[in-house]
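These notes are about the structure you will find just below.
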Amino acid sequence: MDGFKIVAEVPVRFSDTDALGHVNNANYLSFLESARIEYIKKVLGRVKTEDFGVIIARVEIDYKSPAFHYEVLRVGCRVEEIGGSSISMSYRVEEKATGRLVALAKSVMIAFDYALGRPARVDDEWRQKMEDFDGIA
């Protein structure tokens, strides 16, 4: 998966599918989350969710082909841009066995201070780690 250093493998469960037998659109949010959590663990060294300090502000998904039960999806994730409090990420979802493009997506995370209940600046250490990892200038 070119351009994506973080790739999570997500097996499609029967419960992810709808009456037509393909993955319901709402479940793609969980698939993206799997890759995003993997990114946060590997790049930022955060394991516990209470250590993340982010919330999701926006997600957009372009569906390219359906996914089905018993398939395994590969979800690539990378940071595209870092603002004052925002982190923009992009994703590529492929079917593992064939490489078939299933979806392309983008999300925006906001650094968040849960104690104060408001957005915060992206931590300088996080910023440096993401810039170094994904080659962001």
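Kindly check whether there is at least one residue in the stretch 25-37 that is assigned to a helix (DSSP H, G or I), at pLDDT below 95, under 21 Å from ILE6 (Cα atoms) and β-branched (Val, Ile, Thr).
yes
Could you tell me how many of the residues in the stretch 21-74 are over 27 Å from GLU131 (Cβ atoms), touching a residue at least 40 places away in the same chain (Cβ under 8 Å) and not small (Gly, Ala, Ser)?
Keep residues of the stretch 21-74 that are over 27 Å from GLU131 (Cβ atoms), which gives 21-28, 30, 63-73.
Now narrow it down to the ones that are touching a residue at least 40 places away in the same chain (Cβ under 8 Å): 21-23, 28, 63-64, 66-73.
From what's left, not small (Gly, Ala, Ser): 22-23, 28, 63-64, 66, 68-73.
Residues in the stretch 21-74 being over 27 Å from GLU131 (Cβ atoms), touching a residue at least 40 places away in the same chain (Cβ under 8 Å) and not small (Gly, Ala, Ser): 12 in total.
Can you give me the ranges of the strands (runs of 3 or more DSSP E) entirely in the stretch 50-97 with at least 1 residues that are in contact with a Phe, Trp or Tyr (Cβ under 7 Å, 6 or more places away or on another chain) and not hydrophobic (A, V, I, L, M, F, W, C)? Lay out the reasoning, then the answer.
Working: elements: 54-63, 72-82, 86-95.
It comes to 72-82, 86-95.
Answer yes or no: is there a residue in the stretch 98-110 that is of a type in the set (D, E, K, R), surrounded by 13 or more Cβ atoms within 10 Å (Cβ to Cβ) and without any contact (Cβ under 8 Å) to a residue 40 or more places away in the chain.
Of the stretch 98-110, the ones of a type in the set (D, E, K, R) are 100, 106.
Then keep just the ones that are surrounded by 13 or more Cβ atoms within 10 Å (Cβ to Cβ); that gives 100, 106.
With the extra rule that they be without any contact (Cβ under 8 Å) to a residue 40 or more places away in the chain, the set shrinks to 100.
For the stretch 98-110, residues of a type in the set (D, E, K, R), surrounded by 13 or more Cβ atoms within 10 Å (Cβ to Cβ) and without any contact (Cβ under 8 Å) to a residue 40 or more places away in the chain: present.
Scan the stretch 83-97 residue by residue and report those that are surrounded by fewer than 18 Cβ atoms within 10 Å (Cβ to Cβ) and under 20 Å from ALA35 (Cα atoms).
If the condition is that a residue be surrounded by fewer than 18 Cβ atoms within 10 Å (Cβ to Cβ) and under 20 Å from ALA35 (Cα atoms), then SER86, SER88, SER90, LYS96, ALA97 are the ones that fit.
From the list LYS5, LYS64, which one is surrounded by fewer than 16 Cβ atoms within 10 Å (Cβ to Cβ), over 30 Å from PRO119 (Cα atoms) and at pLDDT 95 or above? First the steps, then the outcome.
Details: LYS5 fails: over 30 Å from PRO119 (Cα atoms).
The unique qualifying residue is LYS64.
Failed condition for VAL79, given (1) in contact with an Asp or Glu (Cβ under 6 Å, 6 or more places away or on another chain); (2) of a type in the set (A, V, I, L, M, F, W, C); (3) closer than 18 Å to VAL23 by Cβ, with all others met?
(3)
The values are calculated or read from the model by the stated rules, or taken from the named source; none is laboratory data. Fair warning: this is a prediction, and the values are worked out from it, not measured in the lab. We place every Cβ from the backbone using ideal geometry, glycine too, and count neighbours over all the protein chains shown.
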